[in-house]
Amino acid sequence: MRMFRTMALLAAMVAVPVAAGAQTLKVVKHSDLKILDPMWTTAYIVRNHGYMIFDTLFGVDEKLEPKPQMLEGWTVSDDKLVYTFTLREGLKFHDGAPVTSEDCVASLKRWASRDAMGQKLMDFTKELGTVDARSFRLTLKEPYGLVIASLAKPSSVVPFIMPKRSADIPGTTQITDMTGSGPFVFRRDLWRPGEKVVYDRFKDYKPRAEPASGLSGGKAVHLDRVEWVAMPDAQTSINALINGEIDMIEQPSIELLPLVENDRNIRIVDINPLGSQYALRFNTLHKPFDNPKIRQAVLYALNQKDFLISGIGNPKYYKECKAIFICGTALATDKGYEDKLNSDFAKSKALLKEAGYDGTPVVLLFGTDTNTGRLTPIVKALLERGGFVVDMQSMDWQTVVSRRNRKDPPAAGGWHAFMTSWVSADLLDPIMASFTSAACEKSTFGWPCDATIEKLRDDYARSADPAKQKALAEQLQVRISEFPTYVHLGQFVIPAAQRNTVTGNLAAPAAIFWNMRKEK
C-alpha cells in the first residue's frame, strides 16, 4: 500500500498544475471508466484510457500503416527469423524512471497472454529477450509475416508498454499502478467513477519529430487537462454541449444530431472513418451454446437491419454487411452467410428441434448505459421468435465487462451472450479479429474451441500471398458460419459532436487527445 501511494504521489508531481485560464477539454465519453487495466479487458473506454497514459512501440497512421513510435528503429535478419528493436533515447515513465528493454519485453509477454493476435505471434516465437537497456530481440521458429502488424495493433487489446513491475503481474489479474510513459498522467486522486476522470499533460513526454497521423507521429499535447465527464443521459449531454458546459461528445445519440447539426457553434466530426461493427458474442462453455447447431439457429433468428435502424436510424451512417472482415476491404465476402441473418424463424426453430434444445434459458447480459448495449432487447425479441427462451439481465456496461470474464455456469453468475461492437480496425483480418479466434482457453471471453478455425488462422498468418490470404479468409468465414463464435450485426459510423473552439482532431480507430487545441 505504501508503494502504491508513493507511485500515485510521483505521478501527481509530474503532472502540470492547472491554473485558472488553462486549457481544459471536457468530454462526454461513450461509457464511464471503472476498470483501469487496458490489457485485462477489450472495453474501448479502457483502451482509450490506455492511449492517454501509456505509449506503444509502433502506431498506425491515418492509412493504418505501421510506423515506429517509441522505437528509434529495428532490423530483420536475412532469414526473416530475428527482429531486433531499439528504443528512442530519453523515454521516461511518469515517475521519472527511464523506459528500458526489460519493460518492453515484459509488456509484450503480458499483452500476448491476453490478445488473440499476440497469442498467434507467440505461437511462432522461439525467444523474446533483451539485448541491452535500449534494445530487445524477437526470434521466430519460422518466418511470420505479421510481426510488425501485431506490434502495431491499434485497438483492443493494444500492446501498451508498462513498467516491468506492472507487466510482470499476470494478465488475469488487474494492475492498479497507472504509471505510464504516454502523453498524459492519470490523476487517480481526482478520479470519481460515475462522475469524472482527469488527465494532466505529462511535461516530460518526448514526442516524435514528425507530424501526428492517426495513432503515430508526434503526440504533441497542447491541452493542460482533459476531463471525461460522466453524463449517461443523451439529451442532457446534447444540452450541455449546446450551452458550452462541455466541449465534445464522443458518441452522441444519432437521433439527437439534428439538434446540433445547424448550430453554428458546433461541428459534427467523423473521427473514425472506418466505422464499427455490431456483434453478439457467445459463451460456448455452457449449455445450450456449447452446441454449434444451436448457435447456428441464432444466425438464422437474427438480422442486421433491425439493429442498424434501432441503433443508428439514419441510413447515411450504417450499412448491412455480411462480411466478417468488413465491407469495402479486400477480404470482404458473403460466403457462408447468404441464407443467414435474415430472421428466418422457421429455420431457427427447425435447427433447435434437430439439436434437441430443451428450453434452457439464454442468459443475455443487457448493458443499459451504452448505445450498443441498449440494442439487447432486440436480441431477446428475435431469439424468442426463433424458439429460444431468454433471461435478459440488466446492468451497467462496466458490470458486463467484469461479468463476461467469468466462466461460471449462467445460473451461478455466468452468462450466455451479450451485445458489443468493434471498431473496424479490429476486424481487418483473421488474426487481428479477436472473436474469430477459437483457441480454447487462450481465446478471449466466450472461449470457443475449434481446430479447423485455428488451422485456417495459422495458414493465413504464414502466407504472404494476397490471393491465398483472401481464399483462406473466405474459408474461415464459412467455417465460422458452421461453428459460430459470434454474430456480426452490421456496420455503422457514429460521428463526434464538438464545439467550434475545439480543433486538431486526428482520424484514428481510438478517440485520442494529443494534437488537439481549445480556443479560449
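The values are calculated or read from the model by the stated rules, or taken from the named source; none is laboratory data. Please read these numbers as outputs of a predicted model, since none were measured by experiment. When we count neighbours, we look across all protein chains shown, and the Cβ atoms used for this are built from the backbone with ideal geometry, even at glycine.
Observations, loosely collected:
- Restricting attention to segment 328-353, the residues that are loosely packed, with under 14 Cβ neighbours inside 10 Å, more than 26 Å from the chain's Cα centre (by Cα) and not aliphatic (A, V, I, L, M) add up to 3.
- For segment 399-411, the criterion of a residue being surrounded by fewer than 23 Cβ atoms within 10 Å (Cβ to Cβ) and in a strand (DSSP E or B) is satisfied by no position.
- Top-ranked residue of segment 230-241 - restricted to ones that are surrounded by fewer than 20 Cβ atoms within 10 Å (Cβ to Cβ) and either free of Cβ contacts under 8 Å to residues at least 60 places away in the same chain or touching an Asp or Glu at 6+ places or on another chain (Cβ under 9 Å) (or both), ranked as farthest from residue 396 (Cα to Cα): 239
- For residue 177, the criteria (1) in a loop (DSSP other than H, G, I, E, B); (2) among the acidic types (Asp, Glu); (3) farther than 22 Å from residue 102 by Cα hold in every case but one, which is (3).
- Candidate set from segment 165-177 (those that are farther than 16 Å from residue 43 by Cβ and of a type in the set (A, V, I, L, M, F, W, C)); member that is surrounded by the most Cβ atoms within 10 Å (Cβ to Cβ): 167
- Candidate set: segment 354-392, residues that are basic (Lys, Arg) and modelled with pLDDT of 95 or more; chosen: the one nearest to the chain's Cα centre (by Cα): 380
- So residue 274, is it part of a loop (DSSP other than H, G, I, E, B) and crowded, with 19+ Cβ neighbours inside 10 Å: yes
- Criterion: under 21 Å from the mean Cα position of the chain (by Cα) and over 24 Å from residue 303 (Cβ atoms) - qualifying residue of 424, 437: 437
- Within segment 448-494, the set of residues being part of a strand (DSSP E or B), within 21 Å of the chain's Cα centre (by Cα) and either surrounded by fewer than 22 Cβ atoms within 10 Å (Cβ to Cβ) or among the aliphatic types (A, V, I, L, M) (or both) comprises 487, 489.
- When segment 459-476 is filtered for residues that are over 18 Å from residue 324 (Cα atoms) and touching a residue at least 24 places away in the same chain (Cβ under 8 Å), the ones remaining, listed by number, are 462, 463, 464.
- Matching option when the condition is of a type in the set (D, E, K, R) and within 15 Å of residue 279 (Cα to Cα), among 380, 347: 380
- Odd one out for residue 171, checked against (1) in contact with a Ser or Thr (Cβ under 7 Å, 6 or more places away or on another chain); (2) assigned to a helix (DSSP H, G or I): (2)
- Scanning segment 188-222 for residues that are assigned to a loop (DSSP other than H, G, I, E, B), touching a strand residue (DSSP E or B) at 6+ places or on another chain (Cβ under 9 Å), surrounded by fewer than 18 Cβ atoms within 10 Å (Cβ to Cβ) and not basic (Lys, Arg) turns up 191, 195, 204, 210, 222.
- Only one of 388, 445 that is farther than 29 Å from residue 33 by Cβ and part of a loop (DSSP other than H, G, I, E, B): 388
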